[in-house]
Amino acid sequence: MNGLVDIVLAPLQYGFMMRGLAASVMVGVVCATVGTYVVLRGMAFFGDALAHAILPGVAVGYLVSGVARGPLFWWALGTAILTALGIGAVGKETRIKEDTAIGIIFATMFALGIALISRTQSYAVDLAHFLFGDVLGVSMGDLALTAGFGGLVILTIVALYKEFLVISFDPILASTLRLPSSLLNYLLLVLIAVTIVVSLQTVGIALMVAMLVTPAATAYLLTRRLPLMMGLAALLGAAAGVIGLYVSYYLGIASGAAIVLVCSAFFLLAVLFAPRRGVLMGRRARAESREAPSA
Amino acid sequence: MSETRSPFGRRHATHIPDAPILEAVGVTARYNGRVALDNVSFRLTKGERVAVVGPNGAGKTTLFKVIAGVLAPTQGEVRVAGHGPRGHICIAYLPQRSEVDWNFPVTVADVVMMGRIGKMGLLRYPGRQDHALVRRCLDIVGLAELADRQIGELSGGQQQRMFIARALAQEAELMLMDEPLTGLDVGSQESIFHILDALREQRVTVMVATHDLNMAAARFDRVMLLNRRLFGFGPAAEVFAPDRLREAYGDNLRFVQSDDGLMVLTDTCCGGDRR
């Protein structure tokens, strides 16, 4: 028993672990909450692309002001919001299919980012840093930014719950109820953008989409109501953050990867054992409901 | 002009008493680059029940979306109770069941509550009155016991009744039902007509897109024969004349001479539920 307590407590003597845990929990919660809409609206590719498209913004911030975290955050935020709105507009206005447009913008921006970073001396190290995150390097200032903007995202999702629900479930109803659908759609893109920036240091660009999609998809398999799905996704995201960081500490593997792998493990368990939508239990439930159909 | 406030601070048009509930004047609409509606004009009186028939691609859904103010006509005008549709929140469009994500994590009551959102206002949550109204609407359509079911667990007829309950919760005065009868068994169709009869007493105007010409002739006040342009609008006996039907449907309709001399009409364009 003592051993287990030691295992849990030992890493906590380090300030960087405490800050890393706080960041992981916050990022897990925010990503999973926003991710609920990413999953329900089929926007995984958009999320992945947007995360990658931040790179040139980060690179410029890095070239201009060095490793200082504060300016990097704002550069990333500006790039993310502009790209999100740009993708939203392109998908609407052109004859090209939306995913093609996203693919082009995503690759262009990512290449631009790599080109910029490749001008620096410590090219490989810097790039790896942005791609895979560095949760143990989180400062108190970073935590404050994460908490502030993450809180704003959650607050917006809660405040506009019924509006986001309707534009996601039935856009025509949103239109006949005269909701400002286009404004709400853009706002959702901006929320995804902010979420990605807030999570940049914890999971990095390359694995961002996993944090957006995997906990929400896991919750989707386990619940049939949106508020529950959001709450459960947030819980799973936070748990994955904590467990992943411990795994990373004891096994010496990259923290972002560890967190994502824990998310994937949760998802796999849900796929196998979810009561209705799962492979094993779901089959049994479906067989039973076929025998006793509801009138 | 007196108006009521909308949730987002815009204003909703009030109804002009003597204006027809729905009037289309020379409505032309393009959809994906081709003409989906060509110079369509008609007028509906309050409380009327109208069937809209025509082959697939006739523009029935487009017509409904233009009436609901979801699509803008390229020419012409739609007026609902005297104003353009975009000023109203009393128009309900009931989607085709094949267009709905039935795995979406919402319950039957959640979906019906969505009808209230236009009246609730920004940053507000449903109040006691909203919940009570949702329960009443579910009662009317006979789904009270299934209120907490996830929507995918409902049968086709129940799914359709859920959308009627949502339109009721919206306090809709004009309901546009997009193929509500397609793929339903006779019993489910009857229960929907039962609800529509009750709506008629409340003077709710209903337009129903359907492929069932017999049903259209038997159960509706007037029928509208549409294939991009209007081929007829009036009593079924008049509109469903073989020549007119042949003109509107082209090759999509077969005429069979049966033993007792009646024409049996077969709409060959679509088979049942497209899901």
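FYI, it's all coordinate maths here, none of it is from the lab. As the structure is a computational prediction, the values presented were derived from the model and not from experiment. Positions of Cβ are generated from backbone atoms using ideal geometry, with glycine treated the same way; all protein chains shown enter the neighbour counts.
Taking packing as the residue-averaged number of other Cβ atoms within 10 angstrom, the listed peptides B:50-63, A:219-232 run from highest to lowest as B:50-63, A:219-232. Rounded to the nearest whole Hz, the Karplus-based 3J(HN,Hα) values (6.51 cos²θ - 1.76 cosθ + 1.60, θ = phi - 60°) of segment B:159-168 follow the sequence 4, 5, 5, 4, 5, 5, 4, 5, 5, 5, with x at glycine and proline. Counts of other chain beta carbons within 10 angstrom of each beta carbon in peptide A:32-39 average 0. Considering only B:Gln129, B:Gln150, B:Gln96, the mean-square fluctuation computed in a Gaussian network model of chain B, springs between alpha carbons under 10 angstrom, is largest for B:Gln129. Footprinting exposure proxy ranking of A:Ser264, A:Ser199, fewest other C-beta atoms within 10 angstrom first, gives A:Ser264, A:Ser199.
Over segment A:61-207, the ratio between the Cα radius of gyration and 2.2 N^0.38 Å evaluates to 1.19. Result for chain B in a Gaussian network model with C-alpha springs under 10 Å: among B:Asp101, B:Asp212, B:Asp221, the largest mean-square fluctuation is at B:Asp101. Legend: ranking of residues B:Val66, A:Val25 from fewest to most surrounding C-beta atoms inside 10 Å; resulting order A:Val25, B:Val66.
Counting every other Cβ atom within 10 Å of each residue's Cβ, A:Thr83, A:Thr120 order from fewest to most as A:Thr120, A:Thr83. 3J(HN,Hα) along segment A:246-259, derived from phi through the Karplus expression 6.51 cos²θ - 1.76 cosθ + 1.60 where θ = phi - 60°, amounts to 5, 4, 4, 5, 7, 9, x, 10, 4, 5, x, 5, 4, 4 Hz, with x in place of Gly and Pro.
Provide a whole-number value for the mean count of partner chain Cβ atoms within 10 Å of the Cβ atoms in peptide B:43-56.
That works out to 0 on average.
Dividing the helix sum by the residues of the protein assembly as shown, where each DSSP H run of 4 or more adds -39500 (n - 2.57), gives a mean residue ellipticity at 222 nm of -18000 deg cm²/dmol.
Expressed in units of 2.2 N^0.38 Å, where N is the residue count, the Cα radius of gyration of segment A:2-287 is 1.02.
Taking every pair of alpha-carbon atoms in segment B:3-242, give the share separated by more than 29 Å as a whole percent. Considering segment B:3-242, 28 percent of its Cα-Cα pairs are separated by more than 29 Å.
DSSP assigns beta bridges within the protein assembly as shown; of those with both partners inside it, close to 60 percent run antiparallel. Across segment B:224-240, computed HN-Hα scalar couplings (Karplus, 6.51 cos²θ - 1.76 cosθ + 1.60, θ = phi - 60°) run 10, 9, 10, 8, 6, 10, 7, 9, x, 8, x, x, 4, 4, 7, 6, 8 Hz from first to last residue, x flagging Gly and Pro.
Here's the list of lysines a cross-link from B:Lys119 could span, going by alpha-carbon distance under 27 Å and ignoring same-chain residues fewer than 8 apart: A:Lys162, B:Lys46, B:Lys65. Across the protein assembly as shown, counting alpha-carbon atoms alone, Rg and Dmax equal 27.8, 94 Å. Annotation: amide H of B:Phe231 within the under-5 Å range of B:Leu225, B:Leu226, sequence separation 5 or more or interchain, hydrogens built in the peptide plane. Sorting A:236-249, B:227-240 by average packing, meaning the other beta carbons within 10 Å per residue, from highest down gives A:236-249, B:227-240. Peptide B:98-109 shows a mean partner chain C-beta count of 4 within 10 Å per residue C-beta. Across segment B:3-242, Cα pairs under 8 Å and at least six residues apart give a relative contact order of 27 percent.
A cut-off of 5 Å between modelled amide H atoms, ignoring neighbours fewer than 5 places along the same chain, links B:Ala36 with B:Ala29, B:Arg30, B:Tyr31.
Let's test the formula: R0 of 51 Å, r as the Cβ-Cβ distance of A:Leu85 and A:Asp6. What FRET efficiency results, to the nearest 0.05?
It comes out at approximately 0.55.
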